[in-house]
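The structure appears right after this line, and notes come after that.
The values are calculated or read from the model by the stated rules, or taken from the named source; none is laboratory data. Note that the structure is a prediction, hence the values are computed from the model and not measured. As a convention, Cβ positions derive from the backbone with ideal geometry for all residues, glycine included, and neighbour counts pool all protein chains shown. We work out accessible area using only protein heavy atoms, side chains counted, and drop any ligands, DNA or RNA first. Shrake-Rupley method; radii C 1.70, N 1.55, O 1.52, S 1.80 Å.
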Amino acid sequence: MCFGFRRGLGQAVNIFQSNVPALTDALRSGAHLWPAYCSPAPRRKALLIGIRYTRLEWPGGESMELMGTHNDVERWRDDLIRSGYPKEDIRILWDKEGISPDSRDYPNRKNILREMRVLTAGIKDFQRRFLVFCGHRKGRLPDGSDSAILGIDVQNPISDKDLDVCLLDPLTKWSHLTVSLVSLSNV
């Protein structure tokens with residue numbers, strides 16, 4: 001935290017740690033210390049997506065099921081909380097048993113894109129966002145996109161272009177987004 005001082009009523013001047021003589025002079029002249037929030041504490045938010053794809057098959061009949069994606073999400077959540085992310089600012093989408101396909105927590109394309117937009121909406125300088133996707137991805141798409149992640153509705157991939165619009169376009173020069181794609185590719 002930075003400290004500043006106020007001389008009389010009115011003008012405020014910030015004093016940084018390297019300017020100790022100026023702070024000492026100000027205190028001797030009767031200035032009052034006040035917290036000057038030079039850079040507010042960064043607001044941290046996270047979106048964690050874990051898709052197991054239970055009972056789904058690839059076109060050749062091979063099972064799509066991924067074991068451990070829900071455990072990965074729980075571990076990420078616990079690590080983020082230990083790192084200072086508020087529990088209420090960590091959003092989880094997963095296909096865990098008991099989550100209805102109509103739920104806002106279900107990891108279909110619509111919900112994933114909505115939550116990605118919410119994650120980065122209104123982001124300001126020095127704020128941090130974190131995204132983890134545990135699921136399948138697909139290689140080159142017919143529309144020319146390089147790759148895509150697959151929600152539970154695998155027939156509607158989320159292309160790299162979709163990710164750019166939802167995640168990168170809203171970022172400011174000094175905001176911070178960390179993305180971890182823990183995924184298996186089916187080219």
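Before moving on, here are some points about what is shown:
- Residue count for the stretch 98-134, restricted to those that are out of contact with any Ser or Thr (no Cβ under 8 Å at 6 or more places or on another chain) and in a loop (DSSP other than H, G, I, E, B): 12.
- Matching residues, the stretch 83-106, being touching a helix residue (DSSP H, G or I) at 6+ places or on another chain (Cβ under 9 Å) and of a type outside the set (Asp, Glu): 85, 87, 90, 91, 92, 93, 94, 96, 103, 104
- Selection of first residues in the stretch 58-86 that are free of Cβ contacts under 8 Å to residues at least 24 places away in the same chain and of second residues that are of a type in the set (A, V, I, L, M) and surrounded by 13 or more Cβ atoms within 10 Å (Cβ to Cβ), restricted to Cβ pairs under 8 Å at least 6 apart or on distinct chains, gives the following pairs, ordered by first then second residue: 63/56; 65/56; 81/90.
- Some residue of the stretch 85-98 being within 29 Å of residue 170 (Cβ to Cβ), over 18 Å from the mean Cα position of the chain (by Cα) and either exposed (fewer than 12 other Cβ atoms within 10 Å of the Cβ) or of a type outside the set (S, T, N, Q) (or both): yes
- Test: residue in the stretch 164-183 that is in contact with a Phe, Trp or Tyr (Cβ under 6 Å, 6 or more places away or on another chain), open to solvent by 30 Å² or more (accessible area, probe 1.4 Å) and not aromatic (Phe, Trp, Tyr): yes
- Taking first residues from the stretch 123-142 that are open to solvent by less than 30 Å² (accessible area, probe 1.4 Å) and partners that are outside any loop (DSSP other than H, G, I, E, B) and of a type in the set (Lys, Arg), the Cβ contacts under 6 Å between residues at least 6 apart in sequence or on separate chains come to 129/45.
- Residues that are over 21 Å from residue 175 (Cα atoms), in contact with a helix residue (DSSP H, G or I) (Cβ under 7 Å, 6 or more places away or on another chain) and among the hydrophobic types (A, V, I, L, M, F, W, C) within the stretch 45-82 comprise 49, 51, listed in sequence order.
- Residue 128 being farther than 25 Å from residue 66 by Cβ and out of contact with any helix residue (DSSP H, G or I) (no Cβ under 7 Å at 6 or more places or on another chain): yes
- Residue list for the stretch 36-60, restricted to those being modelled with pLDDT under 50 and open to solvent by 60 Å² or more (accessible area, probe 1.4 Å): 37, 39
- Residues that are open to solvent by less than 50 Å² (accessible area, probe 1.4 Å) and hydrophobic (A, V, I, L, M, F, W, C), drawn from the stretch 61-84: 64, 66, 73, 80
- Qualifying residue in the stretch 11-26 (condition: open to solvent by less than 70 Å² (accessible area, probe 1.4 Å) and at pLDDT 90 or above): no
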